[in-house]
1. Can A:LEU195 be described as closer than 23 Å to A:ALA103 by Cα, open to solvent by 40 Å² or more (accessible area, probe 1.4 Å), away from ligand 2 (no atom under 16 Å from the Cβ) and away from every other protein chain (no Cβ under 14 Å)?
2. Could you tell me whether region A:203-224 includes any residue that is in contact with a helix residue (DSSP H, G or I) (Cβ under 9 Å, 6 or more places away or on another chain), surrounded by 13 or more Cβ atoms within 10 Å (Cβ to Cβ) and within 14 Å of another protein chain (Cβ to nearest Cβ)?
3. Looking at region B:49-59, which of the residues that are over 23 Å from B:TYR102 (Cβ atoms) and within 14 Å of chain A (Cβ to nearest Cβ) is most open to solvent (accessible area, probe 1.4 Å)?
4. Kindly indicate the residue of region B:27-48 that is away from ligand 1 (no atom under 14 Å from the Cβ) and under 17 Å from B:GLU200 (Cα atoms) and also nearest to the other protein chains (Cβ to nearest Cβ) among those meeting that condition.
5. Which one of these is surrounded by 14 or more Cβ atoms within 10 Å (Cβ to Cβ) and more than 30 Å from B:ILE157 (Cα to Cα): B:ALA199, B:ALA245?
6. Within 11 Å of chain B (Cβ to nearest Cβ) and assigned to a helix (DSSP H, G or I): is that true of A:GLU53 in this structure?
7. Being of a type in the set (Val, Ile, Thr) and surrounded by fewer than 19 Cβ atoms within 10 Å (Cβ to Cβ) is the requirement here; does A:ILE44 meet it?
8. Select from region A:10-30 the residues that are buried (at least 17 other Cβ atoms within 10 Å of the Cβ) and among the polar types (S, T, N, Q) and list them in ascending order.
Amino acid sequence: MIAEEWGRFTTLAGLTAKTTLSSRKGAVTWVVALLPLYVIGGVIAAGRQVDIELFQILILALLSLVLVVTALVHGSRLFREELEDNTLAYLTTRGISKASLVAYKFLGYYGSALLIVTLPIVATYFLAAASTGVPAAENIEVLGAFVAMAAVGIAAFGGLFLLIGFALKRALMAGLLYGFLWETILPILPGNVPLLSITHYLRSIGKNLVSTGILSQWITTLDLFTAVLVPLLIAAAAVGLTYVLLITREIKSKD
Amino acid sequence: MEFIETVDLKRTFGDIVAVEDLNLRIREGEVFAFLGPNGAGKTTTVRMLTTLIHPTSGKAYIGGNEVGREPDSMNIRAMTGFLPEAPGLYERLSAARNLDFYGRLYGVPESRRKARIEELLKWIGLWKRRDSPVATFSKGMRQKIAIVRAMVHDPQILFLDEPTAGLDPSAAKTVRDFLVDLGSMGKTIFLNTHNLSEAERVSTRIGVVSTQLLAQGTPKELAARYLKPASVFRLREATEDVVQAVDALDFVEEVHVEDGELHVSLEDPQKGNPAIAKAVIAAGGEIEFIVEKEMGLEEVYLRLLEDAA
Ligand SMILES: Nc1ncnc2c1ncn2[C@@H]1O[C@H](COP(=O)(O)OP(=O)(O)OP(=O)(O)O)[C@@H](O)[C@H]1O
Ligand SMILES: [Mg+2]
């Protein structure tokens, strides 16, 4: 029983991960996710050192874009493509429960999307360290902070885009508006407004983990635990809501 | 309880009643043809039985499991295979990968899965194309892949929604022959079709549906129940006089001329035929042949639909 469920997990998560990493749309997100590598590689190639301050500035400048694009492209397609290709109806009547279906797809997305986002950041971190001659271990908390922000961001954005992708035909459009308007403007508004954006929680994670440089300058009252927990709860709620939609909404044969 | 059973099953879409008062009882090992015209509710019924859509009211059971109860759904899925109206294959995946994916989801062990997929693909003549993406397949090839996809986990019950739609005659025959084989192996098959001869050829029992179930039984039973016996008189010339003379006989229920032949419906042909013959001759008719009318499913079917309309 458990072995069979494990088999379903590896099958579905595996196929999802494979699609995420290697499909044509996957190639687009690789191009975006590799931006840190071009930029920092380019700066170093031009003969400049990239110290930890500059590394922080450059990665932070690109991180939102990378997270939103990767999560949007791969999160929203988890069900949207199945709906459009007419494959979901059959899948939902077959040897897997609907709860597992949503969960395993999401986990397959999560692992692979996180890989896409973090690999270039890790690579550029070591590249930057090498360019200055400072031992890589010295500023490792900065790398840790970015990886943590990515890990939480890929979950939270991915959950939201999963939901949007299931519920809306024009998921990409809606996701772009949300990702690049809402998540850009709300974090810099005064008062409690930033609390409505995932970006604010991600920046708060960075602030709590790093004591120098631009990451440490974010204004927040959130502690690390809250800053991690809230986005993860958002992800869980979005995944749960997708499941509810899947069991309540009838999939038309010609949907 | 029967293997597949529905109790007052009903489904509406807004104001449209797709299916109602559906009470089916299908025994294990039966090949049941669910026969009806376009829009009769065949697909809707199968979509309810395969847990794709919820009934508006009524209940359905498969192998003792209640359709729509979440803990029972997994049992139902494990014991059923399903060919939907639209195949819904993964276009980018190869034929073999499509089958393998679903085999895995069913937890079919790798060694058995491999052998099974090879066996199924060889059977439909697509083994050589196993590594081609489904996107490169013709409509009929897709249909064949979708049919065997329903069988990777070797289910006891197959729900097939128009399996021969879109197939060329020889492929359609392959599929029909296979359905007969499956039936003789003890598989229970629920076959949606609007093709009369297909229903007659492969099924052990037929249900005629048009929103409601109009009749069910073996093809013979249906003919016996719904068709009055009739005699066919082939005459040198079927004149109006002859028709009137036969119609005047009080035991004759109905007379009409079809292709120059006189078709006479009556309760007991053996008893009535001599008297009809006399009347024909008296009216100046010349009899060449007298035969019993062949009663096919087609007449039953058309008649049931006419009565329902
Ligand atoms: N999702 C839906 N929304 C609205 N009406 C529907 C839906 N599905 C089916 N119907 C209606 O229900 C009725 C039965 O349709 P169904 O598809 O079950 O017929 P069918 O017997 O399978 O016909 P066919 O032989 O053409 O496949 C039709 O009137 C159809 O328009
Ligand atoms: Mg149909």
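The values are calculated or read from the model by the stated rules, or taken from the named source; none is laboratory data. Everything numeric in this text was worked out from a predicted model, so none of it was measured. Every residue, glycine as well, gets a Cβ built from its backbone with ideal geometry; the counts of neighbours run over all protein chains shown. Side chains are part of the model used for accessible areas, which takes the heavy atoms of the whole protein and leaves out ligands, DNA and RNA. Shrake-Rupley method; radii C 1.70, N 1.55, O 1.52, S 1.80 Å.
1. Answer is no for this residue.
2. Step one: of region A:203-224, the residues in contact with a helix residue (DSSP H, G or I) (Cβ under 9 Å, 6 or more places away or on another chain) are A:203-224.
Then keep just the ones that are surrounded by 13 or more Cβ atoms within 10 Å (Cβ to Cβ); that gives A:203-210, A:212-216, A:218, A:220, A:222, A:224.
Subset that is within 14 Å of another protein chain (Cβ to nearest Cβ): none.
No: region A:203-224 contains no residue that is in contact with a helix residue (DSSP H, G or I) (Cβ under 9 Å, 6 or more places away or on another chain), surrounded by 13 or more Cβ atoms within 10 Å (Cβ to Cβ) and within 14 Å of another protein chain (Cβ to nearest Cβ).
3. Within region B:49-59, the subset over 23 Å from B:TYR102 (Cβ atoms) is B:54-59.
Then drop every residue that is not within 14 Å of chain A (Cβ to nearest Cβ), which leaves B:54-56.
On the way: B:HIS54: 91, B:PRO55: 39, B:THR56: 75 Å².
Of everything passing the filter in region B:49-59, B:HIS54 is most open to solvent (accessible area, probe 1.4 Å).
4. Of region B:27-48, the ones away from ligand 1 (no atom under 14 Å from the Cβ) are B:27-32.
Those still in the list that are under 17 Å from B:GLU200 (Cα atoms) too: B:29-32.
Details: B:GLY29: 23, B:GLU30: 22, B:VAL31: 21, B:PHE32: 19 Å.
Taking the candidates together, the pick is B:PHE32.
5. Numbers: B:ALA199 fails: more than 30 Å from B:ILE157 (Cα to Cα).
Just a single option satisfies the conditions, and that option is B:ALA245.
6. Details: within 11 Å of chain B (Cβ to nearest Cβ): no; assigned to a helix (DSSP H, G or I): yes.
When the stated conditions are applied, A:GLU53 does not pass them.
7. On the way: of a type in the set (Val, Ile, Thr): yes; surrounded by fewer than 19 Cβ atoms within 10 Å (Cβ to Cβ): yes.
Here the answer is yes, as A:ILE44 does meet what is asked.
8. Our first condition is that a residue be buried (at least 17 other Cβ atoms within 10 Å of the Cβ); within region A:10-30, this holds for A:11-13, A:15-17, A:19-21, A:26, A:29.
Passing the criteria: A:THR11, A:THR16, A:THR19, A:THR20, A:THR29.
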